[in-house]
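One structure is given here, and the rest of the page talks about it.
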Amino acid sequence: MLRSVAVGTVCVLVACNAAAVATPPCTDVPGMDIIPLSNGTATYCVSDYGWSDAWFVGSAPAIYDPRFDVLSGDDAPNLHWSTGGAPLEASGFGWISPVMDGGTLLPTMPTGSLWSVLTPVHFIAGSFSAQSLVTHPVGLQMLITTTLVPVGQQITQTFRITNATTGTTFDALRFADYFNFHPNGSFAPNQLKGTVSYDPLSGITITGLRDDTFIADGNMRGERVDDAHGRNGPFLALPIDVLDMVQTNVYLDPGPAISPGPGDVAGGLAWDLGALAPGESVEFSIFKLAEPLPRIPEPASLALVLPVLMWLWSRAGVAGRVAAIR
C-alpha cells in the first residue's frame, strides 16, 4: 500500500507500511494509522479509512481493553458505483478499509479494498476533529472528516467524494455504513447482549442488557432518511447477514415489529448519491451516538442519604427560627 510521508502537505507517495501506527488505546492494525479523538467523556478511534473498531464511553483505559470497548464490532463505510451502466458490483465489495473485524472481534478480515491513503489521518488543530484523504485507482477520492462533540459522545463523520478524472462519469453512487455496536462491551460473551431496531428517522439503534456489564446504547443515522437498510437476526440464514447485505448491496429487514436479539447484532444503512461527473464532488454525513444509562441512586443508597438530608433540613429550620427571633 502506498503511504504519504507528510500530513496536510502535497503528498509524496512511498511504500512505508511500517510507519503506520495506532495511538493507544486504539487497536493496532499493521499498515494503518489509527488515532483517538477524546473529550474526557468519550474516546473514539478512527483510521485512515474512516473505519473504527474501538469506542470508549467515559474514561478510556491506558491500553486497549475489550471490556470497555463498545465497537469491536466494526463501524465501516462502504461505497458502490457503476460506470457506463455496469452493475454496482463493478466496484467490488465496496469497503473503504482494507481490513475489518467481520464479527471476529479482531481486525484480521481482508476486504479486498483497493483504496489507498493520500493523506494519513491526523488531528485538526483547535478542534476535536481528525481528517484523512484516500483514493481509488478508478479516479475517485474521498476526504473523511471525523468530529467528536466537545462534551458528550456524539460522532459526526463527513465523507466528501470527488471524481478526480477528466472523462469518466460514475453512476448510481451508493454510500453505506455497517454498524456492529456492542452495548455491553466486546469481551466475550458480552458482545452477544445487543438488540437491534430500526426507525426511518432515528436509523439503527442497538440496545444492551441492563446488567453489570452495560456501558451504553448505540445509534447510527444519516443526514437524511436512508434509501435501503438491513438488520441481522434469526430470520436470516448465514452468510446473508448485515455485512453481506452491505457488501453485496442487497438489503433485507424483518420489519419494524421485530427487533433481533439479544446477540451479536448489527445494522446497515445506505443512501443513493446519484451520478458524479468529472470534477464534481458530493458530500454526505452520518451521526453516531453512544448513550450511557443515567445514574439513578438505588433504594439502598437513598435510605442512607435520606437521614442526612432530613438532618440538614432540620438544622436549616433551626437556623431560620433563631434568625427570626433575633
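The values are calculated or read from the model by the stated rules, or taken from the named source; none is laboratory data. Remember, predicted model here, so these are calculated numbers, not experimental data. So basically every Cβ, Gly included, is an ideal-geometry build from the backbone, and we count neighbours across all protein chains shown.
Condition check: surrounded by 22 or more Cβ atoms within 10 Å (Cβ to Cβ), touching a Phe, Trp or Tyr at 6+ places or on another chain (Cβ under 7 Å) and more than 28 Å from Phe56 (Cβ to Cβ). Does Phe170 satisfy that? Spell out how you get there, then give the answer.
Numbers: surrounded by 22 or more Cβ atoms within 10 Å (Cβ to Cβ): yes; touching a Phe, Trp or Tyr at 6+ places or on another chain (Cβ under 7 Å): yes; more than 28 Å from Phe56 (Cβ to Cβ): yes.
Yes; evaluated as a whole, the condition is true for this residue.
To keep it simple, each residue is scored yes or no on (1) assigned to a strand (DSSP E or B); (2) within 28 Å of Asp65 (Cα to Cα); (3) of a type in the set (A, V, I, L, M, F, W, C).
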{"position": "Phe93", "(1), (2), (3)": "no, no, yes"}
{"position": "Gly102", "(1), (2), (3)": "no, yes, no"}
{"position": "Leu105", "(1), (2), (3)": "no, yes, yes"}
{"position": "Leu114", "(1), (2), (3)": "no, no, yes"}
{"position": "His122", "(1), (2), (3)": "yes, yes, no"}
{"position": "Ala130", "(1), (2), (3)": "yes, yes, yes"}
{"position": "Val134", "(1), (2), (3)": "yes, no, yes"}
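Taken across the range 192-200, residues that are part of a loop (DSSP other than H, G, I, E, B) and of a type in the set (Asp, Glu) do not occur at all. The single condition from (1) in contact with a strand residue (DSSP E or B) (Cβ under 8 Å, 6 or more places away or on another chain); (2) in contact (Cβ under 8 Å) with a residue 24 or more places away in the chain; (3) of a type in the set (S, T, N, Q) that Ser202 fails is (2). For the range 213-265, filtering for residues that are modelled with pLDDT under 95, assigned to a loop (DSSP other than H, G, I, E, B) and either under 23 Å from Trp81 (Cα atoms) or not β-branched (Val, Ile, Thr) (or both) leaves 24. Scanning the range 156-181 for residues that are within 19 Å of Ala275 (Cα to Cα) and in contact with a helix residue (DSSP H, G or I) (Cβ under 7 Å, 6 or more places away or on another chain) returns Ala172, Arg174, Ala176. Just one of (1) assigned to a loop (DSSP other than H, G, I, E, B); (2) under 22 Å from Gly103 (Cα atoms) fails for Thr205. It is (1). Look through the range 129-149, keep the residues that are hydrophobic (A, V, I, L, M, F, W, C) and surrounded by 19 or more Cβ atoms within 10 Å (Cβ to Cβ), and return whichever of them is nearest to His80 (Cα to Cα). Restricting to residues being hydrophobic (A, V, I, L, M, F, W, C) and surrounded by 19 or more Cβ atoms within 10 Å (Cβ to Cβ), the top hit is Leu140.
Report, by residue number, each residue of the range 134-159 that is under 16 Å from Phe175 (Cβ atoms) and not polar (S, T, N, Q).
Pass one, the range 134-159, residues under 16 Å from Phe175 (Cβ atoms): 134, 136, 138, 140-146, 156-159.
Once the filter is applied, which keeps residues that are under 16 Å from Phe175 (Cβ atoms) and not polar (S, T, N, Q), the range 134-159 yields Val134, His136, Val138, Leu140, Met142, Leu143, Ile144, Phe159.
Would you point out which residue out of Thr104, Thr83, Thr108 is assigned by TED's automatic domain parsing to the domain that holds Asp241, among the polar types (S, T, N, Q) and touching a residue at least 60 places away in the same chain (Cβ under 8 Å)? Walk me through it before giving the result.
On the way: Thr104 fails: touching a residue at least 60 places away in the same chain (Cβ under 8 Å); Thr108 fails: touching a residue at least 60 places away in the same chain (Cβ under 8 Å).
The conditions single out Thr83.
Among the candidates Tyr49, Tyr44, the residue that is aromatic (Phe, Trp, Tyr), within 15 Å of Ser72 (Cα to Cα), at pLDDT 95 or above and under 13 Å from the mean Cα position of the chain (by Cα) is uniquely Tyr44.
Go through the range 133-159 and give me each residue that's closer than 27 Å to Asn219 by Cα and either touching a Ser or Thr at 6+ places or on another chain (Cβ under 6 Å) or not assigned by TED's automatic domain parsing to the domain that holds Ser285 (or both). If the condition is that a residue be closer than 27 Å to Asn219 by Cα and either touching a Ser or Thr at 6+ places or on another chain (Cβ under 6 Å) or not assigned by TED's automatic domain parsing to the domain that holds Ser285 (or both), then Leu133, Ile144, Thr145, Thr147, Thr156, Gln157, Thr158 are the ones that fit.
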